[in-house]
Amino acid sequence: MRKSVLVAAAATVAFAGPVAAQTEGGSSVTGAVNVTGSVTGICAVIPDGGSPTDSFTGTISLGELNDSDGTLKDTLIGSSSASPAGTFTTRVVCTDNNPQVTISATPLEEAPDQITPAAGYADMIDYTARVAINTASGGVVPFDTRTSDAVGGGGPLNDLIAAGPQDNVSVSVFDLDTVGGNTNILVVGQYLGVISITISPNT
C-alpha cells in the first residue's frame, strides 16, 4: 500500500510540473511602431498633358497697337481689369497653405530700340499687369503692377491655391498708355514687354 501511495505522489508531481509552466508563460507583449513622413513646400506648373515643371512661358498677343492715325488704339487705352486687352492662363499647384506671389513688368517697347523718337513720336507703351489666382476657398486674389512703377507688386496669398484640373492662374494686361502721351504717334516696329511672376512656398 505504501508503494502505491508513493507512486501516486510521484505521478501527481510529474503532472503538476507542466501546468505551472503554462501559467508562468501566458503573459502577452504589446508594441507600437510609428510611421512617419513629410511633405515639402513646393509650387509647380502643370501644363496641359505634360509633367510638372518649375516655370511657364506664354504670350499675350495684342495684335496691331496703332489706330489709323498712328496713335495707340482707344480700345487698348480703355481696357480694364474687368475687360483686359489680353489674357494668359495656366495651372499651378502648391503644397503651401499661404504661397508668396511677386509680379513685375517691363513696358512694351519697340525692339531693337536704336534711336530716340522725334518729338511727337513714341516707341514705348506702359500698361498694368495683373496675376489673379483662384483660391481653395472659392475667391480670386489679384496682384497688380504698373510698368512705370519703380518696384513690382505681390504679397502673400493668405489661402491655398485652388485644386483641380482647371487653370487657376490668370495673367492679364490692361490700361495701356503711350509714354509721353497718347497723342504721340507710335514708331513702326515689333513691340515687346515681359511680365515676370513668381509663386513660391511661404515656409
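Return the pair list, or none, for Cβ contacts closer than 8 Å from residues in segment 74-98 that are modelled with pLDDT of 95 or more to residues that are assigned to a helix (DSSP H, G or I) and buried (at least 19 other Cβ atoms within 10 Å of the Cβ), at least 6 apart or on different chains. Within 8 Å, the pairs are Ala85/Leu76.
Determine, yes or no, whether Gly138 is modelled with pLDDT under 95, in a loop (DSSP other than H, G, I, E, B), small (Gly, Ala, Ser) and within 21 Å of the chain's Cα centre (by Cα). Write out each step before concluding.
On the way: modelled with pLDDT under 95: no; in a loop (DSSP other than H, G, I, E, B): yes; small (Gly, Ala, Ser): yes; within 21 Å of the chain's Cα centre (by Cα): yes.
So Gly138 does not fit the description; no.
For segment 141-163, a residue qualifies if it is part of a loop (DSSP other than H, G, I, E, B) and touching a strand residue (DSSP E or B) at 6+ places or on another chain (Cβ under 9 Å), and the qualifying residues are Thr147, Ser148, Asp149, Val151, Gly152, Leu157, Asn158, Asp159, Leu160, Ala162, Ala163. For segment 118-163, filtered to residues that are in contact with a Leu (Cβ under 9 Å, 6 or more places away or on another chain) and not hydrophobic (A, V, I, L, M, F, W, C), the residue that is nearest to Ser81 (Cα to Cα) is Thr128. If you go through segment 115-150 and keep only what is more than 30 Å from Asp74 (Cβ to Cβ) and either touching a residue at least 40 places away in the same chain (Cβ under 8 Å) or crowded, with 17+ Cβ neighbours inside 10 Å (or both), you end up with Ile133, Asn134, Val141.
All of (1) in contact with a Ser or Thr (Cβ under 7 Å, 6 or more places away or on another chain); (2) closer than 24 Å to Thr90 by Cα; (3) assigned to a loop (DSSP other than H, G, I, E, B) hold for Leu176 with one exception: (3). Inspect all residues belonging to segment 49-62 and state whether any of them is closer than 30 Å to Asp123 by Cα, under 22 Å from the mean Cα position of the chain (by Cα), among the β-branched types (Val, Ile, Thr) and surrounded by 10 or more Cβ atoms within 10 Å (Cβ to Cβ). Looking for residues that are closer than 30 Å to Asp123 by Cα, under 22 Å from the mean Cα position of the chain (by Cα), among the β-branched types (Val, Ile, Thr) and surrounded by 10 or more Cβ atoms within 10 Å (Cβ to Cβ), one finds at least one in segment 49-62, hence yes.
Looking at Asp175, Asp167 in this structure, which one is acidic (Asp, Glu), under 28 Å from the mean Cα position of the chain (by Cα), under 24 Å from Lys73 (Cβ atoms) and surrounded by 13 or more Cβ atoms within 10 Å (Cβ to Cβ)? None of the other options fit; the residue is Asp175. Consider Thr203 carefully, then state whether it is surrounded by fewer than 21 Cβ atoms within 10 Å (Cβ to Cβ), closer than 14 Å to Cys43 by Cα and in contact with an Asp or Glu (Cβ under 8 Å, 6 or more places away or on another chain). Here the answer is yes, as Thr203 does meet what is asked. Identify, from the list Ile115, Ile103, Ile125, the residue that is over 22 Å from Leu62 (Cα atoms) and either in a strand (DSSP E or B) or more than 16 Å from the chain's Cα centre (by Cα) (or both). Just a single option satisfies the conditions, and that option is Ile115.
A count restricted to segment 66-100 and to residues that are assigned to a helix (DSSP H, G or I) and touching a strand residue (DSSP E or B) at 6+ places or on another chain (Cβ under 8 Å) stands at 2.
The values are calculated or read from the model by the stated rules, or taken from the named source; none is laboratory data. Remember, predicted model here, so these are calculated numbers, not experimental data. In this analysis, Cβ positions are derived from the backbone assuming ideal geometry, glycine residues included, and neighbour counts consider all displayed protein chains.
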